[in-house]
1. What number, in percent, do you get for the relative contact order of the chain if the mean sequence gap of Cα pairs under 8 Å and at least 6 apart is divided by its residue count?
2. Can you work out ³J(HN,Hα) from phi for every residue in the range 9-14, in order, using Karplus 6.51 cos²θ - 1.76 cosθ + 1.60 and θ = phi - 60°, giving whole Hz and x for Gly and Pro?
3. Calculate, for residue 134 and residue 83, the FRET efficiency according to 1/(1 + (r/R0)^6) with r their C-beta to C-beta distance and R0 22 Å; round to the nearest 0.05.
4. Of the GluC sites (Glu not before Pro) in the range 96-182, which ones lie in a loop per DSSP and count no more than 14 other C-beta atoms within 10 Å?
5. Quantify, in whole percent, the carbon and sulfur part of the accessible surface of the chain (1.4 Å probe; protein heavy atoms only).
6. Using a probe radius of 1.4 Å on heavy atoms only, what accessible surface per residue do you get for the range 1-95? Whole Å² is fine.
7. Filter the trypsin sites (Lys or Arg not before Pro) in the range 1-33 to those in DSSP coil with at most 10 other Cβ atoms within 10 Å of their Cβ, and list the result.
8. With every protein chain in place, what's the accessible area of residue 179 (1.4 Å probe, Å², nearest 10)?
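The values are calculated or read from the model by the stated rules, or taken from the named source; none is laboratory data. Predicted model, so just to flag it, every value in this text is computed and none were measured. Every residue, glycine among them, receives a Cβ derived from its backbone with ideal geometry; neighbour counts consider all protein chains shown. Protein only, heavy atoms only, side chains kept; ligands, DNA and RNA dropped before computing areas. Shrake-Rupley method; radii C 1.70, N 1.55, O 1.52, S 1.80 Å.
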Amino acid sequence: VGGLTRLDARTGALERRTPIPGYPNAVQGSPGGVWVADFREGVLWRLDPAGGRLQRVPSNGEPRDIAALGDQVYVAADGNDVSGTVSRYDASTGVRRDSMDLLACAITAGEGVVWAAGCPLVQRLSTDSRPLHAVSEHALPFRRPATASNSRVQFREMAVGAGSVWVLGDALDPRMWRLDRRTG
């Protein structure tokens, strides 16, 4: 059984530990609660910030990564075979608002944008009230010359900050890309 541990930001002292069933693999804070993904069990959990109640939220596939922007949470999940989805949830209720077909290993949000990364594409996603869709997509180059020892499988992590989107390769292609957060 996994868990969430709340620490006092000033002192570092343990304030509370909340058990999370299963095998947590990603966590994201939002104004609507703390969200936890469990890839192995294919479920999401939302911890209510006020009452501490743990809510099970059905996932649209096995969740890999979570990002929050305003009152919305975005979840990248694997589907059957080699498919995937990115779903948008209400951060406070856990209600899924919509989804789009997109195989993404990593997702990030901040500074007004949401980005998802599969391989070799990195996509900026919509954040308005229309159905979730890709606003733009950008292919990040593989290493040259391509060999079995340097052929990237996936992007490992992403972050938004300092006006940029930062994309990290994997163990076979340990490079980092810096993209303009709006245009890519």
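1. Once divided by the residue count of the chain, the mean separation gives 11 percent.
2. Result, ordered by residue: 5, 7, 9, x, 6, 5 Hz.
3. 0.90
4. 111
5. Carbon plus sulfur share of accessible area: 52 percent.
6. Accessible surface, normalised per residue, equals 51 Å².
7. Working: sites: 6, 10, 16, 17; in loops: 10.
Passing sites in the range 1-33 are 10.
8. 20
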